[in-house]
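J.: Structure incoming, see below.
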Amino acid sequence: MKIALIGYGKMGKTIEQIALKDGHEIVARIDKSTHDNWAPDLLQSAEVAIEFSQPESALENIFKCFDANVPVVCGTTGWLQNMPEITKRVNDEGHSFFYASNYSIGVNVFFEINKLLATLMDTHEGYDEVLIHETHHLQKLDSPSGTAITLAQQIIERVARLKTWTNYSGEESVSSQGTDTASEIPIFSSRADDVAGTHIVKYFSDEDEIEIIHKAFNRLGFAKGALTAAIWLQGRKGCFGMQDLLSLNS
């Protein structure tokens with residue numbers, strides 16, 4: 001498979017490493033320093049583009065791939081307010097698009113556990129307090145992480161008393177903000193050296209607490225998942241996500 005890498009940072013280079021080992025070909029490496037690789041003939045030679053760039057450039061990057069009729073696997077987070085524009089072009093023009101806030105198979109199993117736990121907690125009002133804590137490397141620009149937002153949205157969809165989420169830095173206190181926390185999920189975001197990604201969901205009662213955690217040791221799980229998605233997307237038209245790839249319908 002011929003791959004265009006859009007965003008050639010740590011994740012792009014990890015994907016490249018795995019792709020080459022598996023016999024795939026990298027036909028373009030595009031980042032802020034290699035804009036000339038947007039040459040139409042070079043991009044059009046790709047069978048898929050894997051996009052891990054920055055929130056402010058993701059939409060433009062995706063549209064450039066659509067213009068070249070190249071399927072896109074996107075892992076950039078922090079731009080989802082533009083998803084309706086993506087969906088419209090995919091549906092109107094017959095493109096192929098795959099998005100996930102996290103491509104790790106382990107994280108997507110974690111998502112399923114989170115949904116099950118939230119469903120159970122909807123009937124147990126003693127666990128009135130819930131929080132999410134995410135920690136990532138210092139280079140991660142968006143806050144909270146897309147994975148933390150997904151976790152929060154899954155809980156809100158299943159626990160009737162919870163209506164919204166609010167992001168705080170890891171050092172902030174919810175009580176100091178003066179917000180109505182009864183219906184809010186606080187997401188605490190921390191940044192530290194060389195942390196691939198840790199996500200914790202906690203429920204509290206007067207008697208105990210329940211915690212689920214996913215900790216990534218490196219970027220290999222994310223990169224392998226993105227490459228798996230790129231292979232799976234071949235020959236398919238429409239907007240897809242990890243639920244489709246893993247055949248999860250809950």
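J.: Confirm whether residue 179 is modelled with pLDDT under 95, surrounded by 19 or more Cβ atoms within 10 Å (Cβ to Cβ) and among the β-branched types (Val, Ile, Thr).
T.: No, not satisfied.
J.: Let me ask something else. Being modelled with pLDDT under 90, hydroxyl-bearing (Ser, Thr, Tyr) and either within 13 Å of residue 226 (Cα to Cα) or in the same structural domain as residue 87 (by TED's automatic domain parsing) (or both) is the requirement here; does residue 76 meet it?
T.: When the stated conditions are applied, residue 76 does not pass them.
J.: In addition: Could you check the range 83-111 and list, in sequence order, the residues that are surrounded by fewer than 18 Cβ atoms within 10 Å (Cβ to Cβ) and at pLDDT 95 or above?
T.: Residues satisfying the conditions are 83, 84, 85, 87, 88, 89, 91, 92, 93, 94.
J.: Please tell me if residue 95 is touching a Phe, Trp or Tyr at 6+ places or on another chain (Cβ under 7 Å) and in contact (Cβ under 8 Å) with a residue 12 or more places away in the chain.
T.: yes
J.: For residues that are assigned to a helix (DSSP H, G or I) and free of Cβ contacts under 8 Å to residues at least 12 places away in the same chain, scanning just the range 6-36, find the one that is farthest from residue 196 (Cα to Cα).
T.: 36
J.: Keeping to the range 15-53, report how many residues are at pLDDT 90 or above and surrounded by fewer than 20 Cβ atoms within 10 Å (Cβ to Cβ).
T.: 15
J.: Just give me the residues in the range 117-164 being without any contact (Cβ under 8 Å) to a residue 40 or more places away in the chain and buried (at least 20 other Cβ atoms within 10 Å of the Cβ), in sequence order.
T.: The answer is 152, 162.
J.: Here's another thing I want to ask about it. Right, residue 70: assigned by TED's automatic domain parsing to the domain that holds residue 239, over 11 Å from residue 7 (Cβ atoms), in a loop (DSSP other than H, G, I, E, B) and β-branched (Val, Ile, Thr) or not?
T.: So residue 70 fits the description; yes.
J.: Is at least one residue of the range 198-206 touching a strand residue (DSSP E or B) at 6+ places or on another chain (Cβ under 9 Å), outside any strand (DSSP E or B), at pLDDT 95 or above and of a type in the set (S, T, N, Q)?
T.: no
Per-residue answers, yes or no, for (1) touching a helix residue (DSSP H, G or I) at 6+ places or on another chain (Cβ under 9 Å); (2) buried (at least 18 other Cβ atoms within 10 Å of the Cβ):
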{"residue": "183", "(1), (2)": "no, no"}
{"residue": "200", "(1), (2)": "no, no"}
{"residue": "217", "(1), (2)": "no, no"}
{"residue": "220", "(1), (2)": "yes, no"}
{"residue": "231", "(1), (2)": "no, no"}
{"residue": "236", "(1), (2)": "yes, no"}
{"residue": "240", "(1), (2)": "yes, yes"}
{"residue": "247", "(1), (2)": "no, no"}
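The values are calculated or read from the model by the stated rules, or taken from the named source; none is laboratory data. These numbers were taken from a predicted model, which means no experiment stands behind them. No Cβ is skipped: glycine too gets one built from the backbone with ideal geometry, and neighbour counts run over all protein chains shown.
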